[in-house]
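Trainee: Below: one structure in structure tokens.
Values in this text are rule-based calculations from the coordinates and carry no lab data. All figures in this text were calculated on a predicted structure; none of them were measured in a lab. FYI the Cβ positions are ideal-geometry reconstructions off the backbone, even for glycines, and counts take in every protein chain you see.
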Amino acid sequence: MSALFEYLVRLGDDSLILGHRLSEWCGHGPILEEDIAMTNIALDHVGQTTSLLKYAGEVEGKGRTEDDLAFLRFEREYRNVLLVEQANEDFGVTMMRQFLFDAYRKPLYEQLTKSSDVQLAAIAEKSLKETKYHLKHSAEWVIRLGDGTDESHERVQTALNNLWRYTDELFYTDQNDVELLANGVIFSSEELKKSWMEMVKTVLDRATLTIPNNGWQREGGRKGLHSEHLGYILAELQYMQRAYPGMEW
Amino acid sequence: MVTKERIWELMEEVFDPEVPVLTIVDLGVLREISEVDGTWMITITPTYSGCPAMKRIEDDIIEKLAEHGIHDVKVENVLSPAWTTDWLSEPGRRKLKEYGIAPPVDEIDKSVLFADQPIVPCPKCDSKNTKMISQFGSTACKAHYQCQDCQEPFDYFKCLK
Ligand SMILES: [Zn+2]
């Protein structure tokens with residue numbers, strides 16, 4: 001299996017699973033505008049998934065389409081980070097999860113616009129424009145809720161405390177990345193983490209929120225080892241294709 | 001004899017299914033028309049990654065050309081250079097406003113997190129006293145605004161750069 005295929009699937013699955021999580025808010029948003037916002041962002045993610053997994057299928061060269069990859073793999077073949085599969089809980093948790101992810105995705109796409117792989121650079125260029133809107137949206141909510149009422153402050157602080165343990169994995173790198181790094185397809189995750197931390201500190205500061213003091217971090221998603229949540233997500237995501245193989249509408 | 005110019009003309013009759021006053025030429029979604037060994041290659045680019053209108057636009061292009069006896073057609077979707085609202089034509093901007101959608105105004109980069117919202121004039125009364133209700137509107141490409149003078153709620157075709 002090629003390193004580029006694996007990398008594209010990692011990125012594609014982040015978007016796929018986060019897009020699915022956000023779409024669960026459809027019809028349940030706290031206000032109509034946020035219902036629409038979250039589903040719009042979900043749609044952008046599903047669109048980015050299409051670009052990434054379509055290209056992954058081409059790189060793999062076994063004739064798998066983006067739909068085959070999205071709907072017909074088994075749980076251990078999904079490579080998304082654990083952060084994006086965590087439950088929506090309340091709106092504050094969803095926005096905190098989104099912010100921690102957007103703050104990583106934006107500098108990542110900025111890096112990838114310079115990738116030596118032309119198609120990956122094109123996907124990054126396209127997706128970056130959307131991601132700027134996502135980050136602005138989630139950062140503004142983290143600030144509004146953190147610096148809001150006692151209750152909203154406490155809830156997003158708890159969300160931050162619970163989600164923080166999934167943030168190191170955003171910068172996970174392994175043997176798969178070595179060749180890609182050497183060829184200028186991808187770039188240093190240390191640089192990425194620096195940009196991310198800067199953004200996170202600026203926003204959390206404004207939001208009067210505190211980074212939790214525990215060093216314990218979880219990982220596994222990039223290797224296909226997921227939390228219990230993913231099984232439930234896939235049961236819903238894959239239902240139609242499993243029940244009626246090859247169906248279209 | 002079918003010419004490239006003729007095909008551009010026909011493309012002026014293919015509309016965006018979500019903003020039906022705009023053609024794909026007005027929108028800047030149509031990037032290129034070329035002929036390779038008797039096949040017409042029509043190159044388009046999506047406004048947003050997940051834009052559900054793209055498939056429909058592809059089908060509409062093929063249908064429009066078929067109506068005029070042109071059957072050897074391939075529609076290609078490219079991502080780079082990425083679509084920007086700068087490609088919206090002048091007639092396109094005018095048509096948007098007449099339709100009740102505020103055309104994009106020059107905005108500073110979204111990466112500037114704490115910047116003020118852009119001033120978007122009301123498409124009905126031209127008042128600059130308007131307020132953003134939500135950055136996300138009825139479709140991916142629009143934000144939701146309200147005029148503080150005439151009270152009109154309206155869509156703003158948001159800037160994408
Ligand atoms: Zn007005």
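Trainee: Rounding to the nearest 20 debye, state how big the charge dipole of the stretch B:4-83 is about its Cα centre with +1 on each Lys and Arg Cβ and -1 on each Asp and Glu Cβ.
Mentor: Details: 7 positive and 17 negative charges, 46 e Å.
Approximately 220 debye in magnitude.
Trainee: Taking 51 Å as R0, compute the FRET efficiency from the Cβ-Cβ separation of residue B:72 and residue A:211 and round it to 0.05.
Mentor: The value I calculate is 0.25.
Trainee: Something else about it: I'd like the distance separating the alpha-carbon centroids of the stretch A:49-67 and the stretch B:89-161, in whole Å.
Mentor: Spelled out, the Cα-based centre of one part sits 36 Å from the other.
Trainee: Next question, about the same structure. GNM, chain B, Cα, under 10 Å: largest mean-square fluctuation among B:27, B:88, B:113?
Mentor: So, out of B:27, B:88, B:113, the one fluctuating most is B:113.
Trainee: Same structure again: So, with +1 on the Cβ of K and R and -1 on the Cβ of D and E, and no other charges, what is the size of the charge dipole of chain A about its Cα centre, to the nearest 20 debye?
Mentor: Dipole size: approximately 360 debye.
Trainee: Once you order the gyration tensor axes a ≥ b ≥ c over the Cα atoms, which shape class does the stretch B:100-157 get: rounded for a/c under 1.5, otherwise prolate or oblate by comparing a/b with b/c?
Mentor: It is prolate, given that a/c is not under 1.5 and a/b is the larger ratio.
Trainee: While we're on this one: Set Lys and Arg Cβ to +1 and Asp and Glu Cβ to -1, take the dipole of the protein assembly as shown about its Cα centre, and tell me which of A:197, A:17, A:210 lies farthest positive.
Mentor: Comparing the listed Cα positions along the dipole, A:210 ranks first.
Trainee: Let me ask another. Helix-derived [θ] at 222 nm for the protein assembly as shown: sum -39500 (n - 2.57) over DSSP H runs of at least 4, divide by residue count, nearest 500?
Mentor: About -15500 deg cm²/dmol.
Trainee: Mind jotting down the distance between the C-alpha centroids of the stretch B:1-31 and the stretch A:159-188, whole Å?
Mentor: For the stretch A:159-188 versus the stretch B:1-31, the Cα centre distance is 43 Å.
Trainee: Pick from B:14, B:73, B:120 the residue whose mean-square fluctuation is largest in a GNM of chain B, springs joining Cα atoms under 10 Å.
Mentor: B:73
Trainee: How large is Rg/Rh for the stretch A:3-243, to two decimals, with Cα atoms and a Kirkwood Rh?
Mentor: 0.95
Trainee: Hand me the chymotrypsin sites (Phe, Trp or Tyr not before Pro) from the stretch B:63-141 located in a DSSP loop with no more than 13 other Cβ atoms within 10 Å, in residue order please.
Mentor: Details: sites: B:83, B:87, B:99, B:114, B:136; in loops: B:83, B:114, B:136.
Of the chymotrypsin sites (Phe, Trp or Tyr not before Pro), the ones in loops of the stretch B:63-141 whose Cβ has at most 13 other Cβ atoms within 10 Å are B:114.
Trainee: Here's something else I'd like to know. Based on C-alpha coordinates, I'd like the Rg and Dmax of the protein assembly as shown, in Å.
Mentor: 22.1, 73
Trainee: Then there is this: Rounded, prolate or oblate: which fits chain B when a ≥ b ≥ c are the square roots of the eigenvalues of the alpha-carbon gyration tensor, with rounded for a/c under 1.5 and prolate only if a/b beats b/c?
Mentor: Prolate shape, in that a/c is at least 1.5 and a/b is the bigger ratio.
Trainee: A further question follows. Output ³J(HN,Hα) for the stretch B:15-23: one whole-Hz value per residue in order, computed from phi by the Karplus curve 6.51 cos²θ - 1.76 cosθ + 1.60 with θ = phi - 60°, and x for Gly and Pro.
Mentor: 9, 5, x, 8, 10, x, 8, 9, 8
Trainee: Spin-label point model (7 Å from Cα, Cβ direction): what's the residue A:114 to residue A:161 distance in nm?
Mentor: For residue A:114 paired with residue A:161, the spin-label model returns 4.0 nm.
Trainee: Placing +1 on the Cβ of each Lys and Arg and -1 on the Cβ of each Asp and Glu in the stretch A:1-150, which of A:69, A:82, A:121 has its Cα farthest towards the positive end of the resulting dipole?
Mentor: A:121
Trainee: Take every Cα pair under 8 Å in chain A that's 6+ residues apart, average their separations, divide by the length, and report that relative contact order as a whole percent.
Mentor: With pairs under 8 Å counted, the relative contact order is 25 percent.
Trainee: To the nearest 0.05, what FRET efficiency results for residue A:76 and residue B:149 with a Förster distance of 56 Å applied to their C-beta separation?
Mentor: 0.45
Trainee: From Cα pairs below 8 angstrom and at least 6 apart in sequence, can you work out the relative contact order of the stretch B:4-83, rounded to a whole percent?
Mentor: Numbers: 107 pairs, mean separation 25.2, N = 80.
Relative contact order for the stretch B:4-83 comes out at 32 percent.
Trainee: In addition: Along the charge dipole of the stretch A:71-157, which of A:94, A:111, A:153 sits closest to the positive end, that is, farthest toward it, with unit charges on the beta carbon of Lys, Arg, Asp and Glu (+1, +1, -1, -1)?
Mentor: A:111
Trainee: Test of understanding: in a Gaussian network model of chain A with alpha carbons linked when under 10 Å, which of A:96, A:38, A:199 would top the mean-square fluctuation ranking?
Mentor: A:199
Trainee: So, one more: Sorted from fewest to most neighbouring beta carbons within 10 Å, what does the list A:171, A:101 look like?
Mentor: Ranking A:171, A:101 by Cβ neighbours within 10 Å, fewest first, gives A:171, A:101.
Trainee: Of the listed pairs A:54/A:126; A:54/B:55; A:129/B:95; A:54/B:158; B:128/B:158; A:136/A:201, which have alpha-carbon separations greater than 19 Å here? Let's see the in-between values first.
Mentor: On the way: A:54/A:126 15 Å; A:54/B:55 15 Å; A:129/B:95 25 Å; A:54/B:158 28 Å; B:128/B:158 16 Å; A:136/A:201 15 Å.
Exceeds cut-off: A:129/B:95; A:54/B:158.
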